[in-house]
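Since the structure comes first, as structure tokens, the remarks are kept for the end.
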Protein chains: 2
Amino acid sequence: MNPLTTLPDDGRSRPRVLVRGTGLLGASIGIGLRADGHDVRLSDPSSTAQAVARDIGAGALWEDGLVDPELVVVAAPPEVTADEVAAALTRFPQALVLDVASVKDAVLRELLARADDAEEPLSREDLERYVGTHPMAGREQSGPVAARGALFTSMPWVICPAADRSTGERISSPAAVAWAEEIASRLGATVHHMDAAEHDSSVALISHLPQIAASLVASRLQDAPTTALALAGNGLRDVTRLAASDPNLWVQILAANSVPLVDVLHGLRDDVERLIRTMEAPEAPGGRADIAQLIAEGNSGRARVPGKHGAPPQSFAKLAVIVDDRPGQIAAVLDDVAAVGVNVEDMRMDHSAGHEVGMVELSVLPGRQQELADALAEMGWKVIQS
Amino acid sequence: MNPLTTLPDDGRSRPRVLVRGTGLLGASIGIGLRADGHDVRLSDPSSTAQAVARDIGAGALWEDGLVDPELVVVAAPPEVTADEVAAALTRFPQALVLDVASVKDAVLRELLARADDAEEPLSREDLERYVGTHPMAGREQSGPVAARGALFTSMPWVICPAADRSTGERISSPAAVAWAEEIASRLGATVHHMDAAEHDSSVALISHLPQIAASLVASRLQDAPTTALALAGNGLRDVTRLAASDPNLWVQILAANSVPLVDVLHGLRDDVERLIRTMEAPEAPGGRADIAQLIAEGNSGRARVPGKHGAPPQSFAKLAVIVDDRPGQIAAVLDDVAAVGVNVEDMRMDHSAGHEVGMVELSVLPGRQQELADALAEMGWKVIQS
């Protein structure tokens, strides 16, 4: 009897886990669950990928000792995820099966179609053991080498129980959903609940659109003069950071989420069109107002993006400290900050090409800013408040 | 005789400076030049703004004691910059005049038109004392309160000597150009040379397009469900950071640089159109290849964005260290890093809503990564290499 058919038991049980697919997410899950005491087995169509995952400590190879898993985590590319989930549900008729693909509705739709097809071995009852999930922990890097057990630490992990798409009736069993939440929590993530369609339209906006925008901006730099690129600052670096992402993964994600994305892209296209018309005659009546409105609407949207710990983005006060670019300087600053007893909520380095001096920008609670600035200045640091 | 009519004298001379316009840039220039030993006077059409700039140490008020400046820095909004430069050149017939507006060709065009208009007091000879410049040091914040003398430290500062727009013949005198470079260097900036048109098409691509993209993405978040925004990660935060910029400033910058920007925006619009067509039928022949090509082109462009000290963006190895969110933790990590003797080239914090544990991601030279990871692990830190 699989213990996962009952609700989690106060964190005592450590189910045997098969991780199917050992890329960045699968290997990271393996590392994290092993650290939490689970027996983790790995399996990947690529024998190289599974060997690398084993070598970095994500688990033993499944093929080296067949034990029936109690939990299967499918961490496959989006377009083969439904295949892999269906295969796991039928091959291991006791096991709970989770997937971690970045799109949820396409996977669910395909699983339901199979379950309702009498020719297929999969049944609706099998789907009671399935829960769709999405750990929001991708990186610009990919593959098992980039894996880390703490990839999910403090990141959102969305749980999307299977449900009938017309009636909305829940299919995933309560125990299966509770175990999905338990696994996400054991990996340090923050659990969020959504249905598959809500998930997909949410990520279209907050994950896929930023990826597309970063790629669109970066692609325009391909033929830019080197002299222009030499002027690049943190603004361009921030906007284009995501553009380093893996094309093979993203083509699957974007293709599988095309319906909500097309809506978002139509809105984007209309805004670009309007901006072009305005910019072609910026001195025409209303032209400047149109431009100002775009920037102001951006202000409003930006103000809604949560910062650290869900705080609004501008709730921290900032101060900058000048440092030389040599070992120990940043540590020395932060030592002194710690001595004052102020917590650093966020920090970043500010620098550009051709210089060996930098600034460390510290975000602190507004009520502590002045005290910290005064104390650091007294300790001999060059401090700039903003 | 104004010493600025001759070349800089090995950094000995400290010209008397009038800063006209005391927003973020003007006040920061005042603070920086005073720290370098200059007598700085401030003037702004807003008596509040100039009083704030004086109070934060940017200089004395011009109206409190009229001394003829040897150098005038016009730090006015882009659309009044040419007016202010012309006024300064005619009022102070010995002074060198720099402007720091983010667009250069529109300012130059207006100054040349005035110089060639017999009704105007400005002459071509006056323009020998003018140099257009652009310190690339804007921030999402604006106004004198955000000012800091070190705003320009290690940032690019573009010098665009005045030149005839048809013949290309240089108008700014060699001494004026040399002094513009000297002032930028004294403020800690890295000097770049371009003509006005090259500057404007460069910033259209590497500064104005990222601003527009950030505003476009952020504006789509205005009506997003809170549940969707709760999933936001560093990707969305990075892409939308610039969207917090000032609409009043940006409407002037974008309007004044409309010609190169319209070109860039046409390219962006065409790419969005192509993506929409592809996404409307992602399974059509060539559909997936089109999506993959967009992401791959983004990879290529991103790879050209210089990192710190002009290094390519991916030349540093990264490792992450888990820290508790309390005072002294980050300092303690960096202390130990310093003890190992490895320099931190860049760092960022990785976190999301609802958690009190974070990761500090450290970028180091690839050759030092393993040594550092091993040493930190031995010191008891939880280290993840990527």
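The values are calculated or read from the model by the stated rules, or taken from the named source; none is laboratory data. These figures come from a predicted structure and were not determined experimentally. So basically every Cβ, Gly included, is an ideal-geometry build from the backbone, and we count neighbours across all protein chains shown.
Within the range B:85-98, can one find any residue that is closer than 25 Å to residue B:245 by Cα and either among the hydrophobic types (A, V, I, L, M, F, W, C) or in a strand (DSSP E or B) (or both)?
Within the range B:85-98, one or more residues are closer than 25 Å to residue B:245 by Cα and either among the hydrophobic types (A, V, I, L, M, F, W, C) or in a strand (DSSP E or B) (or both).
Residues in the range B:334-366 that are modelled with pLDDT of 75 or more and assigned to a helix (DSSP H, G or I): B:334, B:335, B:336, B:337, B:338, B:339, B:340. Checking each residue in the range A:1-54 for being under 19 Å from residue A:68 (Cα atoms), touching a strand residue (DSSP E or B) at 6+ places or on another chain (Cβ under 8 Å) and of a type in the set (Gly, Ala, Ser) picks out A:21, A:26, A:30, A:43. Do we find a residue being crowded, with 24+ Cβ neighbours inside 10 Å, touching a residue at least 24 places away in the same chain (Cβ under 8 Å) and within 12 Å of another protein chain (Cβ to nearest Cβ) anywhere in the range B:127-134? Checking the range B:127-134: at least one residue is crowded, with 24+ Cβ neighbours inside 10 Å, touching a residue at least 24 places away in the same chain (Cβ under 8 Å) and within 12 Å of another protein chain (Cβ to nearest Cβ). A residue that is facing chain B (nearest Cβ under 7 Å), part of a helix (DSSP H, G or I) and more than 28 Å from residue B:136 (Cα to Cα) occurs somewhere in the range A:230-247. For the range A:200-215, the tally of residues that are within 7 Å of chain B (Cβ to nearest Cβ), of a type in the set (A, V, I, L, M) and in contact with a Leu (Cβ under 6 Å, 6 or more places away or on another chain) stands at 2. Within the range B:254-281, the set of residues being among the acidic types (Asp, Glu) and either at positive phi or facing chain A (nearest Cβ under 7 Å) (or both) comprises B:271, B:273, B:280.
Residues A:176, A:197: which one is assigned to a helix (DSSP H, G or I), more than 10 Å from chain B (Cβ to nearest Cβ) and over 20 Å from the mean Cα position of the chain (by Cα)?
From the options A:176, A:197, the qualifying one is A:176.
State whether one or more residues within the range A:282-305 are under 24 Å from the mean Cα position of the chain (by Cα), within 22 Å of residue A:215 (Cα to Cα), facing chain B (nearest Cβ under 7 Å) and not in a helix (DSSP H, G or I). Taking every residue of the range A:282-305 in turn, at least one turns out to be under 24 Å from the mean Cα position of the chain (by Cα), within 22 Å of residue A:215 (Cα to Cα), facing chain B (nearest Cβ under 7 Å) and not in a helix (DSSP H, G or I).
Set side by side, the residues A:206, A:212, A:253 differ, and just one is assigned to a helix (DSSP H, G or I) and free of Cβ contacts under 8 Å to residues at least 24 places away in the same chain, which is A:206. In this structure, is residue B:158 over 26 Å from residue B:54 (Cα atoms), touching a helix residue (DSSP H, G or I) at 6+ places or on another chain (Cβ under 8 Å) and assigned to a helix (DSSP H, G or I)? No. Please go through (1) part of a helix (DSSP H, G or I); (2) touching a residue at least 40 places away in the same chain (Cβ under 8 Å) for residue B:67 and return the number of the only condition it doesn't satisfy. For residue B:67, the failing item is (1).
Looking at the range A:313-322, which of its residues are buried (at least 19 other Cβ atoms within 10 Å of the Cβ) and either at pLDDT 75 or above or out of contact with any Leu (no Cβ under 9 Å at 6 or more places or on another chain) (or both)?
A:313, A:317, A:318, A:319, A:320, A:321, A:322
Exactly one residue among B:18, B:33 is buried (at least 22 other Cβ atoms within 10 Å of the Cβ) and not in a helix (DSSP H, G or I), and that residue is B:18.
Scanning the range B:179-194 for residues that are buried (at least 18 other Cβ atoms within 10 Å of the Cβ) and either outside any helix (DSSP H, G or I) or not assigned by TED's automatic domain parsing to the domain that holds residue B:113 (or both) returns B:187, B:188, B:189, B:190, B:192, B:194.
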